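S.K.: Structure below; questions to follow.
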Amino acid sequence: MRCPFCGEKEDKVIDSRESREGDVIRRRRECVVCSRRFTTYERVEETLPLVVKKDDRREPFDRLKIMNGLTRACEKRPISADSLEKLVAGIETRLQEEGRKEVPSREIGEAVMAALRSLDPVAYVRFASVYREFRDVEEFMRELRGFLQKAPP
């Protein structure tokens, strides 16, 4: 594993822990050159479907893209990184279980929004505003009104 700080390839594992579900191993490592510590995650590589983009391009499923979008939407919100990781893992698991070779990006975006809706309403609105690419304030307000009508009291 290459050190993210100095680029050295040699490190030593200080600690290894399995996730609660047993599907990920978290490893704390220390670079033998610069002595800085970093964390890596090891998981079984599963076959995931290709994502069909709006312009019909196909690309491999990338959990990091979803995680980055969620992180931006949840900035300064009381949502733990663990909650976001579980959300992404849930979507990834569902896609694996479905066994499809391709899945439209729209379906993934809708799944993320559905999960965010129950996790944090503000993060949901933030994510939706970017994902839906609102052209004006009225489109945004329609989405917000729809959300408020479906929200529990």
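S.K.: Stokes-Einstein D for the stretch 52-101 at 10 °C, 1.306 mPa s, Kirkwood Rh over Cα pairs, in µm²/s?
M.R.: 129
S.K.: Over the chain, what number does the Rg to Rh ratio reach, with both radii from the alpha-carbon atoms and Rh per Kirkwood?
M.R.: 1.04
S.K.: Also: Provide, for q = 0.15, 0.26 Å⁻¹, the log10 of I(q)/I(0) from a solvent-free Debye sum over equal Cα point scatterers in the stretch 1-44.
M.R.: Scattering profile of the stretch 1-44, log10 relative to I(0): -0.37, -0.83.
S.K.: Going by amide H atoms built from the backbone, whose H comes under 5 Å of the H on Glu8, apart from near neighbours?
M.R.: Result for Glu8 returns Cys3.
S.K.: Let me ask you something else. Pairs Lys9/Lys101; Lys53/Lys76; Lys9/Lys76; Lys9/Lys53: which exceed 32 Å Cα-Cα?
M.R.: Lys9/Lys101; Lys9/Lys76; Lys9/Lys53
S.K.: Follow-up question, since we're still on this one. Starting from the Cα-Cα distance between Phe38 and Ala81, subtract it from 0.36 nm times their residue separation and give me the gain in nm to one decimal.
M.R.: 13.8 nm
S.K.: Calculated FRET efficiency, Arg2 and Lys101, Cβ-Cβ r, R0 30 Å, to nearest 0.05?
M.R.: 0.40
Since every read-out is calculated from the coordinates, none of them should be taken as a lab result. Given the structure is predicted, the values throughout are model-derived calculations rather than measurements. Every residue, glycine as well, gets a Cβ built from its backbone with ideal geometry; the counts of neighbours run over all protein chains shown.
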